[in-house]
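Read the structure below first, then the notes.
Laboratory data are not the source of any read-out in this text; all were calculated from the coordinates shown. Remember, predicted model here, so these are calculated numbers, not experimental data. Ideal geometry is used to build each Cβ from the backbone, glycine not excepted, and the neighbour counts take in all protein chains shown.
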There are 4 protein chains.
Amino acid sequence: MEALSPADLQPILDEIAHAMASATDRGEPATYIPELGCINPDQFGIALCLPGGQVLQAGDAATPFSIQSISKVFTLAIALGRLGDSLWSRVGREPSGLAFNSIVSLEQNNGIPRNPFVNPGAIAVTDAILHGLQPRDVLAELLRFLRTAAEDNDIHIDKDVALSELAHAHRNIAMAEFMAAHGNLQNPSALTIGTYCHQCAVEMSCVQLARAGRFLAGFPDAARLVSPARVRRINALMLTCGHYDASGDFAYRVGLPGKSGVGGGILAIAPGRASIAVWSPGLNAQGNSKLGAEAMEHLAHATGWSVFG
Amino acid sequence: MEALSPADLQPILDEIAHAMASATDRGEPATYIPELGCINPDQFGIALCLPGGQVLQAGDAATPFSIQSISKVFTLAIALGRLGDSLWSRVGREPSGLAFNSIVSLEQNNGIPRNPFVNPGAIAVTDAILHGLQPRDVLAELLRFLRTAAEDNDIHIDKDVALSELAHAHRNIAMAEFMAAHGNLQNPSALTIGTYCHQCAVEMSCVQLARAGRFLAGFPDAARLVSPARVRRINALMLTCGHYDASGDFAYRVGLPGKSGVGGGILAIAPGRASIAVWSPGLNAQGNSKLGAEAMEHLAHATGWSVFG
Amino acid sequence: MEALSPADLQPILDEIAHAMASATDRGEPATYIPELGCINPDQFGIALCLPGGQVLQAGDAATPFSIQSISKVFTLAIALGRLGDSLWSRVGREPSGLAFNSIVSLEQNNGIPRNPFVNPGAIAVTDAILHGLQPRDVLAELLRFLRTAAEDNDIHIDKDVALSELAHAHRNIAMAEFMAAHGNLQNPSALTIGTYCHQCAVEMSCVQLARAGRFLAGFPDAARLVSPARVRRINALMLTCGHYDASGDFAYRVGLPGKSGVGGGILAIAPGRASIAVWSPGLNAQGNSKLGAEAMEHLAHATGWSVFG
Amino acid sequence: MEALSPADLQPILDEIAHAMASATDRGEPATYIPELGCINPDQFGIALCLPGGQVLQAGDAATPFSIQSISKVFTLAIALGRLGDSLWSRVGREPSGLAFNSIVSLEQNNGIPRNPFVNPGAIAVTDAILHGLQPRDVLAELLRFLRTAAEDNDIHIDKDVALSELAHAHRNIAMAEFMAAHGNLQNPSALTIGTYCHQCAVEMSCVQLARAGRFLAGFPDAARLVSPARVRRINALMLTCGHYDASGDFAYRVGLPGKSGVGGGILAIAPGRASIAVWSPGLNAQGNSKLGAEAMEHLAHATGWSVFG
């Protein structure tokens, strides 16, 4: 297939943004923390980065939002860079078949989370990075990674969101303590969960997120951040586990590795072709952005970028 | 990436076959039916088909083996052709996070299997095809599909294997009856399971299987069998669910849509590039061919065919 | 405590029957087989037998109803008489914490049901009795046991109910086949489930059922049927497992060993004091007779017969 | 049955103590906290209290041990006295069918523990008592209750054991936090679990424990502590849930309401007849005292005290 040019792609983005602007069933924003529940659900943005360096966008692509669980992709990249394959002694690589915040599989697997993208798995990853450091060091490293990847220094943590998450973190603390009971936590749960809540509160726009995801798309100079072999593996995990218990459906409909966040963002990767970010605050029943998933499906259909042929 | 030529690929296959011939830890052949347990575990074969029509092979690539659950890919293609998306009212599209023969999720999901590749899901697919027909008609259609896809009429069902499976089919009958209790079975369980046991007993060689899988690789004339949109979706299901509770690991290590069978075969698809079949009877702990999975990993590494970049 | 005389007890029964006659929230009769769903829900009966031979009754105590799962108590007594403690290699003695028809614990326990009163456990018990016999022999033995225990030959199986159950037995067949897959079924599932559906279709009135339960109350000549040691153990199982996932609640409210049936009957035992049967077709959320359980609670309160002090 | 006299019973106790002294398979003491793991497993004690005020004993009946989960019976009595039936909005009354420290059912029941004797249930009970108080107040109230019930002021908390438990309390904290996530915790988890670890560290001898249990046996002046109706209900819960996932087996073998602790103690109640305490540190596979359970079975057999006839 011929590579699509920016001139081919911009109308597609515009059409998607136009269609999403008039959608009536937009899902429901997450309400478990007040700061997310009061976001205007009428917003929609999309941005994509191409191998040649172009950045295309449409809709509210410059509006910052809380990336939430999309941060798990970046902490995983950092953890694999720091620990290599030894990370896999602490967390598995299989879809869980359960909700993102289920504790059941922890009991069935002796405190080993199923994969790095369900909450307990991401907590284990953050805990692994934190070992020997202070939370502020880890958060500084994450911001440094994101700013370098996005080539944009204007990426920050929303402290109010972080503190609000921390005030509603009982279930995540439960998971951390359960892992501690099985020897699978290296730091006090308060430190690990404190760090985790701050990492989820990073604010980025679609443009910033798409730029930050370029290292996963294998663009020419991407390997300076993460090796191609590791990128492939992160993409594989995104495809099989990135949308929790709707990962199979995202693979079926969109056919791209992707990671969703409860803030309404989705990062998807078309290897060699594009890094894509969408955002719309309303969620579907599985906790993923409703319009975001539809936009990705539309885009994959229009571009033929599915990894599956 | 430049397409690899047959001259590039044949040495890779030879090297893989050579390495596998000397492997000492070869896993254990399935023993739940006697006919599978008495297969010589020292065998290994690999074959691949390219868009230009070439077929490469190494090792025992011409030896027929029982394709078992790999048949689920073909019955799914037939069922989608016959019923279209209405099939999804009877079976889900998500990884189960459980073993291939677990009945737990059936109870948790009111008799709806998680995906078409776990046993209850494949039974539902076969049941859907069988509706209004006789078992022999369905099996004739399956053989016709396989022979057409492989362009080889010498593909048959091993009756002894089929009857032996039927004699050990209590767990599959249990799943069919459990679905019947939820209104998710259209035929008497004896007919559906009888058909299912015969479909699993199809014998094919690696060469035949790789040829039969070409329609999934999107080769020039593949669309005469199944449309490109449907092919993408079948590939997505193979990637997320094709290796049961080791699907995530296969995606991580190999990065290709694949489907394993308890007979030791694996069919994998490199979209646009190759249809690949491997076979070695010994299984790993998850019930997938041990050397087969290693061979696929080696091949993906050597060719750079991972869909993930 | 002084033993209560018939003159003390009759007014209590009358008061209970009177209260139940005017109850407005009577639960819902089971509907999974048509024959049970069309029973008039306004009926209520109660009967009790005393050590001195007296039989007291009130309400519709002479109306026959389908004893359904109460039959499990009698087949357990027969199986223990025939096999002794070797029965416990096939079925456990613990509450399941799950619904009566859950198949989950079978998978978690390698085909061994949790106790003899959940459906799979009762099926295993019937299967054990059936071994080496024909279904009609087993059913004849059950009727003989019931008629002897009740000293009443007018106890029969309702063939229409039995056939209707058989036509809706998919879930029970699933359980039998699942046990067969684990080597925990000795007969073809069709024979075992056929027998099981007929045993559940025994018709008895409250008077007949209370009389049949006397051997469990340890009355003077009870030991001719079942030894005191075995009676204690059956009572223990009734108390911990007799009301499925509401057994704890029945023990808490009533304090007597009891066994419910989906036909609306309950048999309860006050050791040394009384054998009690109640019947009202409407069921509560746990599948036990709503008014029946309330009547038992009232009776236990009025008599002080709780085994717990 | 005639009441057994002290002269009848003492030889039975002596015989049991003698038999247990020579037992070779004594189980394994709990090792999850160091203080319990270093107890000499050769010890065995038994004591019982009769309605007439007599206290019989044999073996190491005067040696203090850690009562651990037996404390749950007393906190339940205190909580029911303080809150009445409103306690049941926070905890269920059904056997769980799972291990004492399983978190699975919390997820399945929206943070409501199955019963007051599994760990999360006991934590909810302690949390309910703690509300509005300080931990030291609750512990003082528990000691006051125990000392009054036992008529013995020499009952204390072993601070070393309490602190050691607190240092290994991750799993209990996980449960408390999980309940907090569902709004089923009223105090900070650190306070609740701190209190809970201290309550489990109460030290008592068999004689003290049997004396403290008299209020559950319904002896003449027992009602000054807890009403007869409430006593019956606590006994019912002990019988159905007191030995975790071996409760059914204890009911089957012993036939008395009982509560075990991981320190090797068991308190059992023969309503109207005796309050009984045994202790031996080695545990069986279900986490209950191995010789303790055997001694109770022996005693129930010799006395005919089973509540089941």
Springs between alpha-carbon atoms under 10 Å, Gaussian network over chain C: tell me which of C:Ile112, C:Ile67, C:Ile266 tops the mean-square fluctuations.
C:Ile112
How far, in nm, would the chain grow between B:His301 and B:His131 when pulled straight, counting 0.36 nm per residue and subtracting the alpha carbon separation?
56.9 nm
How shielded is D:252-259 by partner chains, expressed as the average number of their Cβ atoms within 10 Å of its Cβ atoms?
4
Taking 8 Å as the Cα distance limit and 6 or more residues as the minimum spacing, I'd like the relative contact order of chain C as a percentage.
26
Derived scalar couplings ³J(HN,Hα) [the range A:295-303; Karplus, 6.51 cos²θ - 1.76 cosθ + 1.60; whole Hz; x for Gly, Pro]:
5, 5, 5, 4, 4, 4, 5, 6, 9
Using Cα atoms only, what is the angle between the long axis of helix B:6-21 and the major principal axis of chain B, expressed in degrees (0 to 90) to the nearest 10?
70
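From Cα pairs below 8 angstrom and at least 6 apart in sequence, can you work out the relative contact order of the range D:29-180, rounded to a whole percent? Spell out each step's value before the answer.
Details: 146 pairs, mean separation 34.6, N = 152.
Relative contact order, the range D:29-180: 23 percent.
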Give me the orientation-averaged projected area of the Cα convex hull of the range B:99-253, in nm², one decimal.
9.9
Could you let me know the centre-to-centre spacing of the range C:169-242 and the range B:75-121, using Cα atoms, in angstrom?
36
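Can you give the extra length, in nm with one decimal, that the chain gains between A:Ser86 and A:Glu141 once fully stretched, where that is 0.36 nm per residue apart less the Cα-Cα distance? Don't skip to the end; give the middle numbers.
On the way: separation 55, 0.36 × 55 = 19.80 nm, distance 2.02 nm.
My answer for the length gained is 17.8 nm.
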How many partner chain Cβ atoms sit within 10 Å of a residue's Cβ in peptide C:126-135, on average, as a whole number?
0
Between copies, how far does the label point of B:Leu163 sit from its twins, in nm, shortest first, when each point is 7 Å from Cα along Cα→Cβ?
3.5, 7.5, 7.7
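Would you kindly give the portion of the calculated P(r) for chain B that falls above 28 Å, as a percent of all Cα pairs? Please list the in-between numbers first.
Numbers: 15023 of 47586 pairs.
Result: 32 percent of Cα pairs exceed 28 Å.
For a Förster distance of 41 Å, can you work out the FRET efficiency between the beta-carbons of A:Thr24 and D:Asn110, rounded to the nearest 0.05? Display every interim value, and only then the final one.
Details: r = 32 Å, r/R0 = 0.78.
Result of the calculation: an efficiency of 0.80.
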Under the Karplus relation with 6.51, -1.76 and 1.60 and θ = phi - 60°, whole-Hz ³J(HN,Hα) for the range C:253-262, x at Gly and Pro, equal 7, 9, x, 10, x, x, 9, 9, x, 6
Backbone HN-Hα couplings from phi across the range D:177-184 [Karplus 6.51/-1.76/1.60, Hz, Gly and Pro as x]
5, 5, 5, 4, 4, 9, x, 10
When chain C is turned about an axis onto chain A, which of its residues keeps its C-beta closest to that axis, and how many Å is it?
C:Gln108, 5
Taking the protein assembly as shown, the whole-percent share of alpha-carbon pairs separated by over 58 angstrom is 23
DSSP loop GluC sites (Glu not before Pro) with at most 16 other Cβ within 10 Å: longest gap in chain A:
A:152-309
Other-chain or far-sequence residues with amide H under 5 Å of A:Gly242's (modelled H)
A:Gly258
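Among B:208-216, A:129-137, D:43-51, how do they line up by average Cβ neighbours within 10 Å per residue, starting with the highest? Walk me through the numbers before you get to the answer.
On the way: B:208-216: 27.3, A:129-137: 15.4, D:43-51: 25.0.
Going from most to least packed, we get B:208-216, D:43-51, A:129-137.
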Helix D:228-241 axis, angle to chain D major axis (alpha carbon atoms, nearest 10°)
90
Please state the charge dipole magnitude for the protein assembly as shown, taken about the Cα centre, from unit charges on C-beta atoms (+1 on K and R, -1 on D and E), reported in debye and rounded to the nearest 20.
0
log10 I(q)/I(0), Debye, Cα-only the range A:56-149, no solvent, q = 0.13, 0.17, 0.19 Å⁻¹?
-0.51, -0.79, -0.92
Averaged across the residues of C:92-101, what count of C-beta atoms belonging to other chains lies within 10 Å of each residue's C-beta?
6
Label points for A:Gln134 built 7 Å along Cα→Cβ; distances to same position in the other copies, nm, shortest first, come to 3.3, 8.1, 8.7
In 10 Å bins starting at 0, how do the alpha-carbon pair distances of the range B:1-85 split up by percent?
13, 31, 32, 21, 3
Between copies, how far does the label point of C:Ala21 sit from its twins, in nm, shortest first, when each point is 7 Å from Cα along Cα→Cβ?
6.7, 7.4, 9.3
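Ranked by Cβ crowding within 10 angstrom, fewest neighbours first, how are A:Lys290, A:Lys259, A:Lys159 ordered? Numbers along the way, then the final one.
Values: A:Lys290 22, A:Lys259 31, A:Lys159 10.
Result, fewest neighbours first: A:Lys159, A:Lys290, A:Lys259.
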For chain C, what does the helix formula give at 222 nm: sum of -39500 (n - 2.57) over DSSP H segments with n ≥ 4, over the residue count, nearest 500 deg cm²/dmol?
-14000 deg cm²/dmol
Angle between the Cα long axis of helix B:71-83 and the longest principal axis of chain B, 0 to 90 degrees, nearest 10?
60
